[in-house]
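Below: the structure, in structure tokens.
The values are calculated or read from the model by the stated rules, or taken from the named source; none is laboratory data. Note that the structure is predicted; figures quoted are calculated from it, not measured. Every residue, glycine as well, gets a Cβ built from its backbone with ideal geometry; the counts of neighbours run over all protein chains shown. The area values use the complete protein model at the heavy-atom level, side chains included, leaving out ligands, DNA and RNA. Shrake-Rupley method; radii C 1.70, N 1.55, O 1.52, S 1.80 Å.
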Amino acid sequence: MKTKMLKTILTYVLCLMSMTARAQMRTDSIAEVTVQGQRVQGDVLSATPYRTIGREQFQTLGLTALADAVKMLAGADVKDYGGIGGLKTVSVRNIGAHHTAVSYDGICISNTQAGQIDIGRYTLDNIEEVSLAVGQTGDLLQSARHYAAAALLNITTERPRRLSSRPSFQLSLRTGSFGLLNPSLRLWQPLGSRTLVAAHADYLRADGNYPFTLVNGRQQTRQHRNNTDIGAWKGEINLYHSFRDSSQLDLKAYYYYSQRGLPGVVILYNNSNHERLWDENFFTQALWHKSFNSHWKLQARLKYEHAWNRYEDTNTKYAGGKLTDINRQDEYYVSATLAYTPTANLDFALAQDLAVNCLRTNVEPQPNPRRFTSLSALTARYHDSRLTIGANLVATFINEHVANGSAPDDRKRLSPSLSLSYRLLRHESLFLRAMIKSTFRVPTFTDMYYLHIGNTGLRPERATEYNVGLTWSSRLWKRLALQLTLDGYINRVNDKIVCFPTTYVWRMTNFGRVHIAGADATLALQMPIYKKVSMQLSAAYSLQRAIDKTDPRRESYNRQLPYTPRHSSNAALTLLTPWLNIGYRVNACGERWSMAQQSEEYRMKAYWDHNLSVSRRFDFHSFRLHLSGTLQNLTNTQYEIIQYYPMPGRNFNISATIDF
């Protein structure tokens, strides 16, 4: 199987290389690009809510995990089961993790089995920027998958900033509480004057046995979290090649393997768990970009992805004392987007994606489904000095086959969207923006085929997003840079897929309706204080009312959805000096309930999570040294994001990075 997979990878890589072999490269293709100055303005100009956080903020705020960075983006809701190896998924404005696409260097990550991506496996060592778009970004050349998603989390890895005749190395070591050890290595190696290879590898291990307090009425006992260890290896190789005819080819090969314990719920006198999970993920992808002239541009993508996981639960309730589930997923994906600009004010784009997804499992009756997906997106955009209007239409066709049992009917759907941005004052960066977007999510393989609860007759979840906002950016007194955004939104989710009890067993069914209304506000401030001393402040606040509108006879009707706080916020303050950089960040979450029944036993208290970091960069003749230390959960607050899964208390990590 591995030999066959390797042949497939080599075949399409060689095909791509042969297609562009006659072209020649531009010498300025990998020139240094500065995005810091444009980032604030880009957030303001976007017709849809769009937030970014970059490498500079990662370092000054002591952020090391992708999930922690995403928590700083307004509108994002990260479900965290605790610990370094715990599952972490992201949902945007409560529509659901299944509606949120996660893109890695321009191509979406796939998980047709579960439908949601575990962002806990990604560290920030080689990531340049993380962005979150509600609706979609303004990139005309994005894939149809990007256009089809209700929200997009885009991960951009660090690219070489300049070509040099010498290789560039980076060595990093991070250690800290609970047995944390995380070394990493990065290499940038030129291959000729216009080609460069970038490689990155890291290893992560931790025992994760952090202490927590178990409360039983007036009695409190000090315990340690069990079965929270992790060992993970990750590596990727990138090749960047540019041609004189303006075309650019990016190749990537990525591998991840982990073995970890799955911590169970913490209930009275039962903190033991014996569930283990092995994950293996490999993908290789190619992205080719070509500008034919000022009117026509083309971007093409190819990807093969293989995922394998093994779940074991040791318990006497199983025959033989152990349950073992093994799943294998494969995806074959091809995509192309053609953009046409007939005039300076008008753009068109047509994106076409084709994907084949296969799942093989040892779980009876082994349906081993195979799904063929076609996504087509047609986009039109008009823009002038004050007004931008964009519209697109996504057409979906899905056909499915199974080895055992019955397959669902073909699914077809058209999903339109419309957005606009208008500059209210000609000489002021004050914009009004609005968006309406229709999306849906197809049932996952687990929803349709898992054991006795699967239902092949499920309809896709249908979601509609409405957003109206104001954005403003200004430089006050020639020293103070200020950005403000305020967005109000309404989301409607129909045919929500839920697990519902029937006469004898639980079964997946289309039952739910959810109405969501809320507001997101953000602030960004940059201010020089004295000579080389400056301060940066960012803050975000979210107000949300997400209620169940399924059945007036149920107790949960018109009540807030589980795990949905009415109020949440975050803030980050950094002080930049020539001697030391100091960063402070806080995440705050209001009270919420873990179940639809809003009784005291399901009530989860509000919490504040404070973090402090210090860092310093030393520039020497032949190398650069960056030292940093972070103290997390300063107040040692015990809190839970998921009930009965306590988060770590006060802990620390320190890191050293050498570039030469």
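So which residues in the stretch 416-433 are within 28 Å of the chain's Cα centre (by Cα) and either open to solvent by 30 Å² or more (accessible area, probe 1.4 Å) or among the hydroxyl-bearing types (Ser, Thr, Tyr) (or both)?
First, the residues of the stretch 416-433 that are within 28 Å of the chain's Cα centre (by Cα): 416-421, 431-433.
The answer is Pro416, Ser417, Leu418, Ser419, Leu420, Ser421, Leu432.
Does the stretch 319-339 include one or more residues that are part of a loop (DSSP other than H, G, I, E, B) and modelled with pLDDT under 95?
Taking the stretch 319-339 first, the residues part of a loop (DSSP other than H, G, I, E, B) are none.
Checking the stretch 319-339: not a single residue is part of a loop (DSSP other than H, G, I, E, B) and modelled with pLDDT under 95.
Just give me the residues in the stretch 520-566 being part of a strand (DSSP E or B), among the hydroxyl-bearing types (Ser, Thr, Tyr) and either on the phi > 0 side of the Ramachandran plot or touching a residue at least 24 places away in the same chain (Cβ under 8 Å) (or both), in sequence order.
Initially, the stretch 520-566 is screened for residues part of a strand (DSSP E or B), giving 520-530, 533-548, 557, 560.
With among the hydroxyl-bearing types (Ser, Thr, Tyr) added as a condition, the list becomes 522, 530, 534, 538, 541-542, 557.
Across the stretch 520-566, the qualifying residues are Thr522, Ser534, Ser538, Tyr541, Ser542.
Which pairs do you get when a residue that is at positive phi and crowded, with 22+ Cβ neighbours inside 10 Å, found in the stretch 91-105, comes within reach of a residue that is among the β-branched types (Val, Ile, Thr) and part of a strand (DSSP E or B), reach meaning Cβ atoms under 9 angstrom, with the pair 6+ apart or on two chains?
Here the result reads Arg93/Val134; Arg93/Ile516; Gly96/Val493; Gly96/Val514, each pair linking the stretch 91-105 to a residue that is among the β-branched types (Val, Ile, Thr) and part of a strand (DSSP E or B).
For Leu627, which of the numbered conditions (1) aliphatic (A, V, I, L, M); (2) open to solvent by 20 Å² or more (accessible area, probe 1.4 Å); (3) within 18 Å of Pro565 (Cβ to Cβ) fails to hold?
That leaves (3) as the condition not met.
Within the stretch 523-568, restricting attention to residues that are open to solvent by 70 Å² or more (accessible area, probe 1.4 Å) and among the aromatic types (Phe, Trp, Tyr), which residue is modelled with the lowest pLDDT?
Here the residue is Tyr530.
Select from the stretch 461-472 the residues that are touching a Leu at 6+ places or on another chain (Cβ under 7 Å) and either under 19 Å from Arg513 (Cα atoms) or open to solvent by 10 Å² or more (accessible area, probe 1.4 Å) (or both) and list them in ascending order.
Within the stretch 461-472, Leu470, Trp472 meet the criteria.
Filter the stretch 437-460 down to residues that are surrounded by fewer than 16 Cβ atoms within 10 Å (Cβ to Cβ) and within 30 Å of Thr471 (Cβ to Cβ), then give me how many there are.
Summing the residues that are surrounded by fewer than 16 Cβ atoms within 10 Å (Cβ to Cβ) and within 30 Å of Thr471 (Cβ to Cβ) in the stretch 437-460 gives 0.
Scan the stretch 156-168 and tell me whether some residue there is modelled with pLDDT of 85 or more, part of a loop (DSSP other than H, G, I, E, B) and under 30 Å from Arg413 (Cβ atoms).
No, every residue in the stretch 156-168 fails to be modelled with pLDDT of 85 or more, part of a loop (DSSP other than H, G, I, E, B) and under 30 Å from Arg413 (Cβ atoms).
Applying the selection to the stretch 359-390, what residues are assigned to a strand (DSSP E or B), open to solvent by 30 Å² or more (accessible area, probe 1.4 Å) and farther than 16 Å from Ala149 by Cα?
Selection gives Arg360, Arg370, Phe372, Ala380, Arg381, Tyr382, His383, Leu387, Thr388, Ile389.
Tell me whether the stretch 604-613 contains one or more residues that are buried (at least 17 other Cβ atoms within 10 Å of the Cβ), out of contact with any helix residue (DSSP H, G or I) (no Cβ under 9 Å at 6 or more places or on another chain), at pLDDT 90 or above and over 24 Å from Tyr563 (Cβ atoms).
Yes, the conditions are met somewhere in the stretch 604-613.
As an exercise: evaluate Asp409 against (1) open to solvent by less than 20 Å² (accessible area, probe 1.4 Å); (2) without any contact (Cβ under 8 Å) to a residue 12 or more places away in the chain and give the number of the one condition it does not meet.
Unmet condition: (1).
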